[in-house]
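Engineer: Take this structure first; my questions come after.
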Amino acid sequence: FFHCTGLTSVTIPDSVTSIGEAAFSGCKELTTVNWNATACTSAGSSDRPIFGDCSKLATVNIGNNVTTIPAATFFDCSGLTNITIPNSVTTIPAYAFNGCTGLMSITIPDSVTSIGDYAFRFCSGLTSITIPDSVTSIGEGAFLVCTSLTSVTIPDSVTSMGVGAFNGCSGLTSIIVVEGNSKYHSAGNCIIETETKTL
């Protein structure tokens, strides 16, 4: 469906387990995606994302039984302003919302245990993010250059944080690691690895 300019909505049913790279890339008039595939594990890459450059995509409905969203699915969907992730999802994979510059807020449910590498990179419109207590790992560059993000609270459940997770977040004024975290603590708006005393 590459560059199908007349396509306005897509429903991915539960039966789908694999989608080819760039399948809907460049579909400039696509506004709505209904994602119901519960076992889809392959759907493009950061170089050739499934909905890459679908700049008018504003509404994404993720089915309540979906446990994973494949990597780079909504890469560079700049028209996406908000999204609801259901409680069935356990992982936000690498590059999932990379470059979604219109995304202003997102609620990560308590079912999610990991946020992948560059999952929200370049989401420059993102002003707030709540990381639930269920999350144990935050990937490399997960929130890289989220310039509108003003505060971050790292829950005590997080035991792994990739390099540059919040690098380039020039709007950050408050960084807090919840007391009781066994791996990290915060001091002077810095995240410090407690054992190694590494900034």
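The values are calculated or read from the model by the stated rules, or taken from the named source; none is laboratory data. Keep in mind it's a predicted model, so treat the numbers as computed, not measured. For neighbour counting, all protein chains shown are included, and Cβ atoms are generated from backbone atoms with ideal geometry for every residue, glycine included. The accessibility values were calculated without ligands, DNA or RNA, using every heavy atom of the protein model including side chains. Shrake-Rupley method; radii C 1.70, N 1.55, O 1.52, S 1.80 Å.
Engineer: Considering only segment 68-110, state which residues are within 10 Å of the chain's Cα centre (by Cα), among the small types (G, A, S) and at pLDDT below 90.
Structural biologist: A71, A72
Engineer: Inside segment 1-109, counting only strands (runs of 3 or more DSSP E) that do not spill past its ends, which hold 3 or more residues that are within 21 Å of S148 (Cα to Cα) and in contact with a Ser or Thr (Cβ under 9 Å, 6 or more places away or on another chain)? Before the answer, list the steps.
Structural biologist: Working: elements: 9-12, 32-35, 59-62, 82-84, 105-107.
Passing ranges, in order: 82-84, 105-107.
Engineer: Further question on the same structure: Looking only at strands (runs of 3 or more DSSP E) that lie completely in segment 110-197, which have at least 3 residues being among the hydrophobic types (A, V, I, L, M, F, W, C)?
Structural biologist: Answer list for segment 110-197: 174-177, 190-193.
Engineer: Only one of these is without any contact (Cβ under 8 Å) to a residue 24 or more places away in the chain, touching a Leu at 6+ places or on another chain (Cβ under 6 Å) and within 25 Å of A37 (Cα to Cα): L103, L149. Name it.
Structural biologist: Working: L149 fails: within 25 Å of A37 (Cα to Cα).
Within the list L103, L149, the selection yields L103.
Engineer: Please determine whether any residue of segment 31-45 is within 21 Å of A142 (Cα to Cα) and open to solvent by less than 20 Å² (accessible area, probe 1.4 Å).
Structural biologist: yes
Engineer: Would you mention how many residues in segment 1-58 are basic (K, R) and under 19 Å from the mean Cα position of the chain (by Cα)?
Structural biologist: Let us first name the residues in segment 1-58 that are basic (K, R), namely 28, 48, 56.
Those left that are additionally under 19 Å from the mean Cα position of the chain (by Cα): 48, 56.
Total satisfying the criteria: 2.
Engineer: Which residue out of G141, G125 is on the phi > 0 side of the Ramachandran plot and either out of contact with any strand residue (DSSP E or B) (no Cβ under 8 Å at 6 or more places or on another chain) or modelled with pLDDT under 95 (or both)?
Structural biologist: Numbers: G125 fails: on the phi > 0 side of the Ramachandran plot.
Matching residue, one of G141, G125: G141.
Engineer: It is to be established whether one or more residues within segment 124-137 are out of contact with any Cys (no Cβ under 6 Å at 6 or more places or on another chain), among the small types (G, A, S) and farther than 29 Å from W35 by Cβ. It would help to see each step written out before you state the result.
Structural biologist: Residues of segment 124-137 that are out of contact with any Cys (no Cβ under 6 Å at 6 or more places or on another chain), as a first pass: 124-125, 127-137.
Cutting the leftovers down to among the small types (G, A, S) gives us 124-125, 128, 134, 137.
Restricting the remaining residues to those that are farther than 29 Å from W35 by Cβ gives none.
No: zero hits.
Residue-wise test of (1) open to solvent by 20 Å² or more (accessible area, probe 1.4 Å); (2) under 22 Å from S174 (Cα atoms); (3) not aliphatic (A, V, I, L, M).
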position: C100; (1), (2), (3): no, no, yes
position: T107; (1), (2), (3): yes, yes, yes
position: S111; (1), (2), (3): yes, no, yes
position: I115; (1), (2), (3): no, yes, no
position: T127; (1), (2), (3): yes, yes, yes
